[in-house]
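Read the structure below first, then the notes.
Each reported figure results from applying straightforward, stated rules to the coordinates on display, with no laboratory input. Fair warning: this is a prediction, and the values are worked out from it, not measured in the lab. Neighbour counts are summed over all protein chains in view; Cβ atoms, including those assigned to glycine, are modelled from backbone coordinates with ideal geometry.
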Amino acid sequence: MWLRTGCSITFEVSVATPFILMLRPRSGIQQWVARESYTLRPSVPVIEYTDNFGNLCQRLVAPPGEFSIHTSADILITDGIDVGPGAPFEDIQNLPDSVLTYLLPTRYCESDKFIDLGREIVAGAAPGYDQVAAIETWIRGTIRFNPYSTHFQLSAVEVNEQREGVCRELAHLGIALCRGLCIPARMVVGYLHQLEPMDFHAWFEAYVGGRWYTFDATQPSPIGGRVTVAYGRDAADVAVFNQFGPALYPRELSVHVEMLDWAPE
């Protein structure tokens, strides 16, 4: 499946403001970036680096006035997502070193506070993938996914109390419940084809059976059409933009994802 993804973000900047952006998808096992454009208006010097999670990040200083970012990419992805019922729990001593960080409590995923609830949710499920599937089903049936929710920037504890949240809040809760059961879990931010309303999207992945599997409690069933932009421990690691200085919110933000019926040349 070929997808064309992109976004346009416009800020009104009062003073010269440093930014770190995280808007470039990278090629990997599940996706291949065939074409990409990245335009800044006005054009300013940019330094790109790769963070500790392998994400492509861009550093710049936005000048006062209107500042906009426009991205577009043509990406080949798999049509669906892999599922693995019965994939076993991985003993901690056998996990790759790079996975261990996804076992620990973080700012938005207080996994040490979800041990008992996690055990209750997965009672009777086989250790590993089936436990994560039980967590996903429980969140889907218990926490209301509301893309217009006024509850945002919530931790797992807070969204469990509010019983409502946007996609990243549901991902936080899934991650915390998995980690409470000693299952590594990480947050993913990117694009989802046919998401309504269209926006950046967040879901989580769990490491079982020697690999990462995708879980998304905001959707009624496992679906593909996903383009990954960033991985992290929680939302603090995967913000598509961070600014340093006076608080700035986009004056305009739009996201587009369309399927191509032809392969780009």
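Quick look at the values:
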item	result
Convex hull (Cα only) mean projected area of the range 92-221, reported in nm² to one decimal	7.7 nm²
Between helix 129-142 and the chain: long-axis angle, C-alpha atoms, 0 to 90°, nearest 10	70 degrees
Burial ordering of Tyr249, Tyr108, fewest other beta-carbon atoms within 10 Å first	Tyr249, Tyr108
Ascending count of other beta-carbon atoms within 10 Å, so fewest first, for Cys109, Cys7, Cys182	Cys182, Cys7, Cys109
Value of [θ]222 nm, deg cm²/dmol, for the chain, DSSP H segments ≥ 4, -39500 (n - 2.57) each, nearest 500	-4500 deg cm²/dmol
The chain: angle of helix 167-180 to the longest principal axis, Cα-based, in degrees nearest 10	40 degrees
Pairs of Cα atoms farther than 14 Å apart, the range 15-64, %	59 percent
The range 23-137, Rg to Rh (Cα coordinates; Rh as Kirkwood inverse mean 1/r)	1.09
Neighbour-count ranking [beta-carbon atoms within 10 angstrom, fewest first] of Ile47, Ile121	Ile47, Ile121
Neighbourhood net charge (15 Å Cβ-Cβ; Lys/Arg +1, Asp/Glu -1) for Glu66	0
